[in-house]
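To start, the structure under review is shown below, and the notes come after it.
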Amino acid sequence: MFFASLLFMCGILACFYGYSELFSILITVLMIILLYIRLFDIRRIIIFMLIFYAGFFLTFCKIKNYDDLLYRVPLETILEGRIVSIPEKIDNSKIRFFMQVEEIANESVNAKTFVTVSNIENSIDKYNIGDKISISGKLRKPFTSTNPSQFDYSSYLRNFNAFTTLYAEGKDAVLISEKKTCKWKFLQSLNNTRHKILSVHAKYLQSPNLEILGGIVFGDDAVSPPDYVKSSFVNSGLLHILAASGMNVAFIFSFWFVILQFLRVPYKPRVISGMLVVILYTFMTGLGPSVIRAALMLLFVMAGKLIDRDTHSVSLLSLVAVLMLIYNPAYINDVSFQLSFLVTLGLLTTAHILVQKLENVPSWVKVPIIIPIVAQLWVAPIQMFYFNTFSLYSVFANIATVSLLSVISFCGFVSSVLAIIPYVGDFICLVFDFVLNYLLTALVYISNFFAGLKYSLVQTTHPNILQMSFYYLMLGVVTVFIKYDKYKKVLCTVICVSLILLCSTIKPVSKDLEVIAFDVGNADSFLVKTPANKYFMIDTGKASYGSGNSQAKIIMLKYLKDRGIKNLEGVIVTHFDNDHAGGASDIISNTKTKTLYLNSNDVETQTGYKIFETIKLNNQNYKIIENNSEIYDENNLKIKVYKANIDGKNASNESSIITLLSYKNFDIIFMGDAGVESFNFVKKDIPRNIEILKVGHHGGPKVVDSGMLEYLGCEVSLISTGVNYFGHPNKGTLDILRNTEILRTDLNHSIKITSNGDEYKIYSYEPQSKNYELKSQKLSK
């Protein structure tokens, strides 16, 4: 069953990521080998092949690539439909939810969109799952991954069959009264019950203890803890505590079962009613994959008990995975689905065998130690793959909290169940919350303690699929060897696989100059790698908007983390406009930046104030550049900076730092937001025959003229731009540049330029293949 489930998953992955031919060939070769060594007979081989193709064709039929809304974007319109997920509070004035759209501008449609409603005043709790709603807002296509390592929001929403987003104001989101069906009445009653339980606890618990208890009892799909709490629990490796899981389901069933046993209810009614309670709890938590997995496993086990049949744990886990994927193949891309099944597989195999081998050690000693260690071993690659982090003290933090968490969970479940009883519910919560308050405070203290230790969260590179496969193969082989007491083979396996994984991380160091233009919309950000593997960043994109993240965090820093780049030789902030300097604070706070180069001490923008606050906070070394000064020199490579002293209306843009990067016969000049006026001011110090011009001010007007182009002799012009209301790039500017090869980040996505000094190559990033593909190749002058 386990092998069959793996083949089914391979079929799903082959369809999702477009590797159908590769997977088909590999699976066919594997089946031939298994048949040749007579591990399986021909009948089973045929069944396995059919299972693989069943996964592929199921995904092909169930997962769509578009809906009725996608072809209409961008559009400001009125949508009418129904809220089909538990509304998630972002703060006290913003919520998000999925909406099943039934009508757009009086036209019937059938599609789903992800809605964000902002500026909700005094009525944030009025929205509920199942409500019919009319919303006027901006319908947009979610951003795709146009940079390496960037999160693909479009693919993420596709997992929920949503292909658009809608942004609206609270005043434009109006609930429509109607007579609801039994389905929506049922789901609303469950959600209202959860709200009622939390409101009773809110009388006696304050933030963050209230949200932590809510997360433990109902999971973070239904209750979202504050960001600073999440950050602490991430750093300490305790974030899983805030997600409803198998332990929650087991507690709910056990508590109900014991109560009915005390009331002398017969065995079968106890089991059946307990199964119904688990189903209700699963809906109440928001139907997270980990809860669904645990609930299905428990329901199958209990159903077996009713008919006097036992279940094989790994086979049951595999069956549940297949059933969930049949219902929604997109679950395979859900990180909580992956973590839940991997941890459970590790506990059912590795942990179970270790517990058996240590039969002379008391259970109360070995179980709290073995479970956190095994869980960490099985989730580490996934944590590194998605988050580029490893919680160094996670095992110790989990061992320190395992007993405490058991008490909190038990008291939380008991008090939450009894809180719904009229008249006595308040008093019961008062008593339980008095104790829980101290326990939750202790839990937060432990989390903060381990999160505050040096190197609590280690940044890691991005492991590839082959490395992860080797790692999990090693865990499986080691588990088998331990089971049969082959401890020497365990040691040999660990050493061999560790060496393979270590060797796979060693990559040949490129001796070429590399320049990456990140696609950051109508903004600028460039990363330069010198032949000596020193890194410079020129501009840092836009700052965060509202409660979101800056472009530096979601694009540039993610790229640096994936490649293990922690040190920057320099960061050049051309000027303090938000679209150039917005991410500077995040860059210097999350990397070791040797020198920060600025164009001025005169701060007139909020972005500039934030940069200088960060400089002071991090004791960051910085310099105000001087015109025609050299800031870096290595063999055959120089970086020079220029600045024009311009007054008047365009002083901010025209006083941008102009950066000249020269390597042997290759030159590229970055104009920041400077234009013709600035160029003429510094022209006497700039050499001729420059290969690439990074056009100033996103290709706006008056940034280049024929005289400037003739002087520089550029073959290629690069424009960093995106959706904007300023008309960038300007048509007149494009006309002037028509005799050069024009590169645009809004059309070519992220652009990479490499040079050995004698020739240079230009690559553009392709979102489908998630790789840079060669666009052109030229000789340096």
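The values are calculated or read from the model by the stated rules, or taken from the named source; none is laboratory data. Note that this is a predicted model, so its numbers are computed, not measured. Positions of Cβ are generated from backbone atoms using ideal geometry, with glycine treated the same way; all protein chains shown enter the neighbour counts. Surface accessibility is based on the protein's heavy atoms, side chains included, excluding ligands, DNA and RNA. Shrake-Rupley method; radii C 1.70, N 1.55, O 1.52, S 1.80 Å.
In the set Ala330, Ala295, Ala321, only one residue is open to solvent by less than 50 Å² (accessible area, probe 1.4 Å), under 25 Å from Ala54 (Cβ atoms), among the hydrophobic types (A, V, I, L, M, F, W, C) and modelled with pLDDT under 90; that residue is Ala295.
Scanning the range 462-485 for residues that are modelled with pLDDT of 85 or more and polar (S, T, N, Q) returns Gln467, Ser469, Thr479.
Condition check ((1) of a type in the set (Lys, Arg); (2) within 30 Å of Asn106 (Cα to Cα); (3) modelled with pLDDT under 85) across all residues:
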site	(1), (2), (3)
Asp125	no, yes, yes
Leu139	no, yes, no
Thr164	no, yes, no
Cys182	no, yes, no
Lys185	yes, yes, no
Ile197	no, no, no
Ala202	no, no, no
Pro226	no, no, yes
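Any idea which residue in the range 642-655 is modelled with the highest pLDDT, counting only those that are in contact with a strand residue (DSSP E or B) (Cβ under 9 Å, 6 or more places away or on another chain) and crowded, with 24+ Cβ neighbours inside 10 Å? Ranking the qualifying residues of the range 642-655, first place goes to Tyr642.
Contact map, the range 1-21: first residue more than 25 Å from Leu157 (Cα to Cα) and at pLDDT below 90, second residue buried (at least 18 other Cβ atoms within 10 Å of the Cβ) and hydroxyl-bearing (Ser, Thr, Tyr), Cβ cut-off under 8 Å, separation 6 or more or different chains; pairs are Met1/Ser318; Phe2/Ser318. Residues that are farther than 14 Å from Leu239 by Cβ and either outside any helix (DSSP H, G or I) or touching a Cys at 6+ places or on another chain (Cβ under 8 Å) (or both) within the range 385-405 comprise Asn388, Leu392, listed in sequence order.
At least 3 residues being among the hydrophobic types (A, V, I, L, M, F, W, C) and either over 25 Å from Tyr559 (Cβ atoms) or out of contact with any Asp or Glu (no Cβ under 9 Å at 6 or more places or on another chain) (or both) is the threshold, and among the helices (runs of 4 or more DSSP H) wholly inside the range 690-781 those reaching it are 706-712. When the residues of the range 586-610 are filtered to those that are among the hydrophobic types (A, V, I, L, M, F, W, C) and over 31 Å from the mean Cα position of the chain (by Cα), which remaining residue is least open to solvent (accessible area, probe 1.4 Å)? Among those residues, the one meeting the criterion is Leu598.
Screening Phe60, Phe56, Phe52, Phe48 for residues that are within 15 Å of Asn161 (Cα to Cα) and in a helix (DSSP H, G or I) leaves exactly one candidate, Phe60. Go through the range 411-443 residue by residue and tally those that are open to solvent by less than 30 Å² (accessible area, probe 1.4 Å) and assigned to a helix (DSSP H, G or I). Count: 12.
Within the set Thr146, Thr165, the sole residue that is out of contact with any Lys or Arg (no Cβ under 8 Å at 6 or more places or on another chain) and among the β-branched types (Val, Ile, Thr) turns out to be Thr146.
Here Phe114, Phe97 are screened, and the one residue that is without any contact (Cβ under 8 Å) to a residue 60 or more places away in the chain, under 17 Å from Lys171 (Cα atoms) and part of a strand (DSSP E or B) is Phe97. When the criteria are applied in full, Ser254 fails the requirement of being surrounded by fewer than 16 Cβ atoms within 10 Å (Cβ to Cβ) and in contact (Cβ under 8 Å) with a residue 60 or more places away in the chain. Annotation: of all residues in the range 488-524 being under 18 Å from Ile762 (Cβ atoms) and of a type outside the set (D, E, K, R), the one that is modelled with the lowest pLDDT is Ser510.
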